[in-house]
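First comes the structure, then the notes that go with it.
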Amino acid sequence: MRPFTIDVPQADLDDLRQRLLQSRLFDSDLPRAAGVPTGSLRELVTYWAEKFDWRAAERRLNELPQFQADVTTEHGDFSLHFVHARGKGPHPMPLLFTHGWPGSFWEVHKILGPLTDPAAHGGDPADAFDVVAPSLPGYGFSPHPGRPGVDPRAIADAFHALMTRTLGYPRYVAQGGDWGSLVTTALARDHGGSNEQGVAAIHLNMFAGPYLPSGEPSPAEQSYLDKQQAWQAAEGGYAHIQGTKPLTLGHALADSPAGLAAWIVEKFQTWSDCDGDVERVFSKDDLLTHIMLYWLGGTISTSIRLYHEFDYEQVLGSEPITTPTAFAAFTHEFSTAPREVVARAFDLERYTEFDSGGHFAALEKPVELVEDIRAAFRPHRR
């Protein structure tokens with residue numbers, strides 16, 4: 001385990017600026033539903049080239065205590081980048097926080113302080129956590145191992161090794177959304193433990209469970225299935241192309257920062273609770289910080305490879321998860337599910353509905369998410 005500091009060579013920033021200035025954007029009369037409008041993208045690209053201060057963003061990122069460590073599992077060797085912040089309280093509980101796509105470890109920054117030092121944020125120090133927030137392999141500063149089979153289940157094994165062997169946490173809890181939900185579910189399936197060791201409980205803000213309804217679905221189940229089918233038809237094309245042709249798409253996005261920005265910003269625009277105006281929720285600096293972590297690390301192609309590696313049945317199976325589970329249902333999350341659906345798939349202890357918030361819960365609704373995490377894991381403290 002070794003400390004890690006982000007320090008991007010100036011030559012990389014100079015190259016990026018030249019590419020941005022040479023962007024070839026086109027005008028279109030297509031509606032916002034067809035993607036990021038050209039005017040919005042042109043404004044963002046101009047801001048990126050002329051005003052965005054990467055060094056200021058780099059300093060903010062480096063305020064997080066970051067490390068790298070090598071772990072070995074039955075799936076091979078992994079080099080993992082992660083944030084590790086110690087809690088300030090009588091008995092901090094270890095918490096593994098896993099991000100998704102197109103997010104990054106930076107998703108943890110708004111909730112890190114309240115989780116690790118609740119007293120400083122108006123909370124009870126008894127609710128303190130030791131927080132570990134890794135970059136998924138192939139994302140940010142966790143290089144992809146360069147071999148097939150790096151799916152959520154393999155990642156879960158690597159993260160479990162990080163928590164138990166590298167950091168010395170025999171018993172911990174885990175939280176995730178997007179790919180983080182799948183990794184956390186795999187952790188619960190493969191490493192759910194007793195009161196003494198393993199994953200004691202999980203908290204999810206996206207549903208990705210072993211849901212295979214038998215017989216006639218209930219009205220709530222049918223509504224959920226219809227909603228998911230409609231969403232996939234309207235918005236799911238990205239996952240299909242990333243799952244089937246990640247190499248082809250990766251070449252295009254890795255070569256064009258404007259193209260990368262369009263591909264990523266569209267997801268923040270569509271998946272968040274922003275009513276189509278992404279800057280109601282995320283500033284340009286917020287968006288560009290996430291985008292830069294893909295551009296500077298050259299990881300967009302390896303990040304979308306995860307869609308190609310994923311096999312639903314192999315990762316999630318068909319049997320219910322027996323590890324205690326809490327679920328936060330944010331109203332604009334595209335893959336939320338009614339209580340009875342989640343309860344069929346998990347040992348559901350807590351189900352909380354929120355009347356706002358979308359896919360990026362830790363960024364959009366940090367206060368609400370923190371309180372729900374605290375409440376969900378209180379019964380599992382020792």
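The values are calculated or read from the model by the stated rules, or taken from the named source; none is laboratory data. Computed from a prediction, not measured in an experiment: that's the story for all the values here. Glycine gets a Cβ as well: all are built from the backbone with ideal geometry, and neighbour counts include every protein chain shown.
Taking only pairs six or more apart or across chains, which ones have beta-carbon atoms under 6 Å, a first residue in region 112-135 that is in the same structural domain as residue 374 (by TED's automatic domain parsing) and β-branched (Val, Ile, Thr), and a second residue that is surrounded by fewer than 24 Cβ atoms within 10 Å (Cβ to Cβ) and in a loop (DSSP other than H, G, I, E, B)?
116/87
Looking at 146, 209, which is the one that is assigned to a loop (DSSP other than H, G, I, E, B) and under 24 Å from residue 264 (Cβ atoms)?
146
Quick one: count up the residues across region 216-269 that are over 23 Å from residue 302 (Cα atoms) and either among the aromatic types (Phe, Trp, Tyr) or modelled with pLDDT of 95 or more (or both).
2
If residue 71 satisfies every condition in (1) touching a residue at least 60 places away in the same chain (Cβ under 8 Å); (2) in contact with a Lys or Arg (Cβ under 9 Å, 6 or more places away or on another chain); (3) within 30 Å of residue 11 (Cα to Cα) but one, which is the exception?
(3)
What is the one condition in (1) assigned to a helix (DSSP H, G or I); (2) under 18 Å from residue 107 (Cα atoms) that residue 344 does not satisfy?
Condition not satisfied by residue 344: (2).
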